[in-house]
Structures are given as C-alpha cells and as structure tokens.
Amino acid sequence: MTAETRAHGLAPTGQDRRGDRVFGGAVRAAGVTIVVALAAVGVFLVAQSLPALLADGGELPGAAPSFLDYVWPLAFGTVWSATLALAIATPLAVGIALFISHYAPRRLAQGLGYVVDLLAAVPSVVFGLWGILVLAPLVQPLYAWLVDNLGWFPLFAGPASGTGRTVLTAAIVLAVMVLPIMTAICREVFLGTPKLHEEAALALGATRWEMVRMAVLPAARGGIVSAIMLGLARALGETMAVAMALSPALVIDFALLTPTNPSTIAANIALQFPEASGIGGNALLATGLVLFVITLVVNIVARLLVRGRRGNR
C-alpha cells in the first residue's frame with residue numbers, strides 16, 4: 001500500500017478494522033441466535049410430542065385409532081384454508097400493487113399504500129370479530145343461493161350453513177389478513193423494475209398493460225413467488241381469526257359452505273389446550289410439531305423457487 005493511498009485515507013485504519021470485527025461478530029451472533037432458537041423450538045416440540053406419538057389409539061383425543069388419524073384432518077384443514085386464502089388474496093395483492101406502482105396518481109398511490117400497510121397493524125382477534133359479526137351474516141344468503149343453484153358442484157354441496165361460519169368465510173378473513181404483506185412486497189418489486197425496460201416497451205408502441213405484461217411482471221416473478229409463500233406461511237399459522245370465524249370439526253371435506261368444516265392445527269390448539277391434560281396436551285403439541293414441519297417445508301420450497309427464478313434470468 002503506497003504512501004499516497006494512506007494520505008488520501010483510503011487504507012483501513014485500526015479503528016475501522018475493529019469496527020468491522022465488532023459488526024461481523026454481532027451479525028454472526030444474530031445468525032447463530034436465530035438458528036439456536038429454531039433448534040430449541042424443534043427439540044421442545046419433539047420431546048413433548050413423543051408420548052402422543054407412542055400412545056395407544058384410545059388415549060388420544062376423540063379416541064382416534066392413531067396419531068396420524070388424529071392429525072390428518074387438522075393438517076388438511078390447515079392447508080385447505082390457507083390455499084383458499086391465497087387463491088383469493090394473490091390476484092388482489094398483485095392488482096393493488098400494480099395500481100399503486102403504475103396506474104394511480106402519486107398522491108393517491110401514497111395514501112392508498114399507507115391504508116394497505118395499516119391493515120397489517122390490526123390484531124387478528126379484530127379480524128375474527130369482523131368475520132363473525134359482519135362477514136358471516138352478510139355472506140350467508142349468498143351461501144344458501146350457491147347451494148340451491150350450484151349444489152351439483154362438489155365445492156358448493158349442501159347443506160348451507162345457517163350461520164355463515166364456514167371454511168370459505170375463514171379463508172376470506174385470512175385473505176384480508178395476508179393481503180397487506182403480500183401487497184407491500186409486490187409493490188416494492190414492481191417499483192424495482194428497470195425504468196429502461198418500461199420506457200423501451202412504451203417507445204415501441206406498447207400500451208401500459210402490454211408494458212406491464214412484457215416488462216414488469218416477468219422481472220417481478222421471483223418477488224411475487226416470495227410474497228405468495230410469505231402469505232402462505234402467515235395463513236398456515238394464523239390462530240384466533242380462524243378459530244372465531246369457523247365452525248370446526250375433525251373432518252376431511254372440500255365443501256366450502258357446509259356447517260361442518262375441517263379445523264386447522266393452530267385453531268385446534270387454541271381451542272383445546274386450556275382443557276387439555278396428559279396425553280391430550282402432548283397430542284396438541286405433536287400437531288404443533290406437524291405445523292412446524294409444514295411451515296419449514298413451505299419456506300424451503302419458497303427459497304428453491306426464488307433461487308430457480310433467479311437462475312433462469
């Protein structure tokens with residue numbers, strides 16, 4: 001290193017090196033902490049789940065023949081409700097994000113962005129109360145009409161719920177809950193599209209929609225996949241809103257409008273744990289372990305999908 005380089009202050013000083021070491025150590029400690037915390041949660045769930053996994057069928061809640069028979073309807077309900085929520089929320093999130101980033105006037109876009117972000121601060125119990133007191137009575141006549149006119153389709157098979165507290169209602173509540181975070185991610189990804197690509201498409205005579213379709217959406221595919229997977233992880237773990245907006249049962253049924261609906265793992269734990277004891281409590285924690293594994297798999301798949309998208313660019 002030359003004297004001129006040192007004179008211009010380009011060489012790292014001893015204080016800079018100490019700062020780098022301290023910062024690097026802090027970052028590594030943060031990474032190790034989150035891994036240790038995750039491992040601790042996993043070890044705790046495995047240890048608490050073993051009695052239920054090794055128990056006889058008659059000792060499990062509901063006298064289930066085996067733990068698999070007990071947890072399978074809950075796992076189905078968890079994945080089914082989260083999938084329905086994503087089917088509702090994804091087009092809305094993408095549409096709102098595109099409107100904010102490419103269509104709305106700047107002042108309107110800023111205000112609408114703040115409103116959408118504020119939805120993330122609403123407690124889940126408020127969404128649950130909204131689902132019970134407002135949404136369920138509002139959509140119940142629609143459910144009855146769907147059963148009467150489209151009951152031949154398996155998803156709309158009857159009988160219709162008299163209260164409106166169905167898996168479809170819970171999915172709508174979940175969709176509203178995951179909408180802010182999905183919209184925020186999609187909006188930032190759309191705003192990060194290279195301006196030269198957009199201007200080039202417009203200069204070649206493309207309409208705004210054609211510019212969005214050819215320049216914005218292809219560049220944002222990885223971000224959209226990340227938003228969907230993050231929303232799915234949030235929907236899988238939601239507890240109170242689903243427990244309040246759903247009439248749960250240990251069933252496997254794809255029907256959306258009936259009074260008997262598959263429960264979710266998180267909602268079942270919230271409803272049953274206060275009265276659980278012995279093997280019953282261990283069984284609930286074992287279902288929590290299943291949810292832990294499902295969420296872990298979802299996040300791994302999301303990472304692989306995003307990495308594959310980046311590799312194809």
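Just so it is clear, none of the values below were taken in a lab; they were calculated from the coordinates. Remember, it's a predicted structure, so these values are computed and weren't measured experimentally. Every residue, glycine among them, receives a Cβ derived from its backbone with ideal geometry; neighbour counts consider all protein chains shown.
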message: Per-residue counts of other Cβ atoms within 10 Å, averaged by peptide: what ranking do you get for 190-199, 130-139, highest first?
response: 130-139, 190-199
- line: For the chain, averaging the sequence separation of alpha carbon pairs under 8 Å that lie six or more residues apart and dividing by its residue count, the contact order in percent is 27 percent
- line: FRET efficiency for Phe153 and Val22 from the Cβ-Cβ distance with R0 = 51 Å, rounded to 0.05, comes out at 0.20
statement: Ranked output for segments 215-226, 291-302 by mean other Cβ atoms within 10 Å, highest leading, reads 215-226, 291-302
task: Place +1 on the Cβ of every Lys and Arg and -1 on the Cβ of every Asp and Glu in region 65-312, take the dipole about the Cα centre, and give the residue among Gly278, Phe76, Pro159 whose Cα lies farthest towards its positive end.
output: Phe76
By average C-beta atoms within 10 angstrom, highest first, the peptides 118-129, 45-56: 45-56, 118-129
query: Measuring from label point to label point, each 7 Å out along Cα→Cβ, what is the Leu112 to Phe44 span in nm?
result: 4.3 nm
field: Axial C-alpha extent at least 18 Å, average Kyte-Doolittle at least 1.6 - helices from the chain (DSSP)
entry: 167-191
statement: The answer for Ala249, listing residues at least 5 apart or on another chain whose modeled amide H is closer than 5 Å to its amide H, is Asn261, Ser263
query: To the nearest 500 deg cm²/dmol, what mean residue ellipticity at 222 nm is calculated for the chain from DSSP H runs of n ≥ 4 alone, each contributing -39,500 (n - 2.57), summed and divided by the residues?
result: -23000 deg cm²/dmol
